[in-house]
Structure formats: structure tokens, C-alpha cells
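The values are calculated or read from the model by the stated rules, or taken from the named source; none is laboratory data. Note that the structure is predicted; figures quoted are calculated from it, not measured. Backbone-built Cβ (ideal geometry, glycine too); neighbour counts: all protein chains shown.
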Amino acid sequence: MGQAISKLVHSIPKPELHVHLEGSITIETLNLLALRKGLPAFESSPYKYSNFKEFNALFPKLGPYFDMAEDFYEIAVGFGQRLATDGQKRFLDTDGFKYRLWDEFVES
């Protein structure tokens, strides 16, 4: 019975209830933004920290990489595509607090 329940739980899509887009950026997206803005690229993910102080110090350094609405749009679309790959098809749109399909978000 334990394995059957475990298999069932793993098969059910999980919702992403809360995310900070700044923390969801892949190295590929970050380097694409760097290229567009003429900023240094990263060889590996800068999202490495061992305590809250290091975590807090990271974001002022990354701010210039995503400082325009278009940057956040690209980050959001990439995040949505990764969720869809994991079987998630909906997210909570805080503009009106309604569930939307990722496809609808990308088209709007």
C-alpha cells in the first residue's frame, strides 16, 4: 500500500504557489540578458550561497541583468515553460487572482 500511495502522489501535478522570478532564472536566460545588455556572462550559476547574508548580497549584483519589463517577461516565460515540462499547466495570476493557462499568459 505504501508504494502505491507514493507512486500516486508523485504522479499528481504539483502547483507552484509562490515564486520570486529573480530567483528562478536559469544560467541560459541570465547569459542571454547579459549578452543583450553588454554585461559579463556567467560560467556557472551565481545562485550559490551558504547563508542569508550571501543570498541578500546577490541580488544587487544581478539587478542590472533584469531591470526592464521585457527582461521579467522573458524570465516569466522561461519559468512557465519549465513548469509545463514538469506537467504544470496553470498558475495563479496575481493580476485578478485567477488561475490561467501558461499558453494564455504567453499570448497576452
*Any idea which residue in region 15-55 is farthest from the chain's Cα centre (by Cα), counting only those that are within 22 Å of residue 81 (Cα to Cα) and of a type in the set (S, T, N, Q)?*
44
*Taking region 1-39 as the search range and keeping residues that are part of a loop (DSSP other than H, G, I, E, B) and exposed (fewer than 10 other Cβ atoms within 10 Å of the Cβ), which one is modelled with the lowest pLDDT?*
1
*For region 53-72, does any single residue satisfy the condition of being among the small types (Gly, Ala, Ser), within 30 Å of residue 10 (Cβ to Cβ) and assigned to a helix (DSSP H, G or I)?*
no
*Can you tell me which residues in region 2-27 are touching a residue at least 24 places away in the same chain (Cβ under 8 Å) and among the charged types (D, E, K, R)?*
14, 16, 22
*So which residues in region 4-40 are touching a helix residue (DSSP H, G or I) at 6+ places or on another chain (Cβ under 9 Å) and over 22 Å from residue 77 (Cβ atoms)?*
40
